[in-house]
Amino acid sequence: MASFSGEVRTPAIFVSLVRSKNKGVAATDLVPSRATALWGYTNTIASIFVAILAPFLGTFADQKGMKKRLFLIFLGAGVVMTFLFSTIGEGMVAYTMAISIVGFVGYSGANLFYDSFLTDVTTNDRMDSISTKGFAWGHIGFSCR
């Protein structure tokens with residue numbers, strides 16, 4: 001999932017907001033420095049939302065029967081918002097910022113719940129080994145495509 005965000009969401013908002021010399025993007029009418037600032041504001045706002053929500057979401061992740069449901073809700077939000085980047089037109093800066101923020105929160109929340117599944121698939125004494133192997137194989141798989 002980390003690869004998905006890095007390859008789809010970041011370039012999508014960059015092209016939509018920052019590349020203001022291109023026709024047909026949200027920031028067409030903005031000065032490039034203003035578009036870049038808005039991109040920074042968008043990422044900051046999204047990060048603040050995640051920082052505020054993460055402790056509460058972590059508590060929900062520990063509840064029985066909630067992990068999968070919340071994982072799917074946040075995953076769905078991230079995926080839908082990513083697809084909505086295809087609907088961005090000229091001058092739609094606020095819309096672009098909004099779907100980016102919701103998409104980032106969705107992606108981050110899904111990762112939080114995804115990580116919480118580790119306690120369900122192994123024992124405490126094997127947790128570090130399983131986590132390390134999963135992280136390594138994920139990056140090896142990404143680099144071999």
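The values are calculated or read from the model by the stated rules, or taken from the named source; none is laboratory data. Quick caveat: nothing in here was measured; it's all calculated off a predicted structure. Cβ: placed from backbone, ideal geometry, glycine included. Neighbour counts: every protein chain shown.
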I'd like to check something: does region 27-44 contain any residue that is at pLDDT 85 or above, touching a helix residue (DSSP H, G or I) at 6+ places or on another chain (Cβ under 9 Å), under 16 Å from T96 (Cβ atoms) and of a type in the set (S, T, Y)?
yes
Criterion first (within 21 Å of N43 (Cβ to Cβ), of a type in the set (V, I, T) and without any contact (Cβ under 8 Å) to a residue 24 or more places away in the chain) does T87 satisfy it?
yes
(1) in contact with a Leu (Cβ under 8 Å, 6 or more places away or on another chain); (2) over 30 Å from S131 (Cβ atoms) all hold for M92 apart from (1)
Name the single residue, out of those in region 76-93 being over 16 Å from the mean Cα position of the chain (by Cα) and farther than 21 Å from P32 by Cβ, that is surrounded by the fewest Cβ atoms within 10 Å (Cβ to Cβ).
S86
Out of (1) surrounded by 13 or more Cβ atoms within 10 Å (Cβ to Cβ); (2) assigned to a helix (DSSP H, G or I), the one K68 does not meet is (1)
Only residues in region 94-108 that are surrounded by fewer than 23 Cβ atoms within 10 Å (Cβ to Cβ) count as the first member; pair them with residues that are among the hydroxyl-bearing types (S, T, Y), Cβ under 6 angstrom, at least 6 apart or cross-chain, and list the lot.
M97/T42
Being within 15 Å of A27 (Cβ to Cβ), assigned to a helix (DSSP H, G or I) and not small (G, A, S) is the filter here; which residues of region 79-111 pass it?
F85, V93, Y95, T96, M97, I99
Going through region 57-68 in order, the residues found to be within 14 Å of D120 (Cβ to Cβ) and touching a Phe, Trp or Tyr at 6+ places or on another chain (Cβ under 9 Å) are A61, M66, K67, K68
Looking only at region 23-42, and only at residues there that are part of a helix (DSSP H, G or I), surrounded by fewer than 16 Cβ atoms within 10 Å (Cβ to Cβ) and not hydroxyl-bearing (S, T, Y), the one that is nearest to the chain's Cα centre (by Cα):
G40
Would you say M127 is on the phi < 0 side of the Ramachandran plot, in a helix (DSSP H, G or I), surrounded by 13 or more Cβ atoms within 10 Å (Cβ to Cβ) and without any contact (Cβ under 8 Å) to a residue 40 or more places away in the chain?
yes
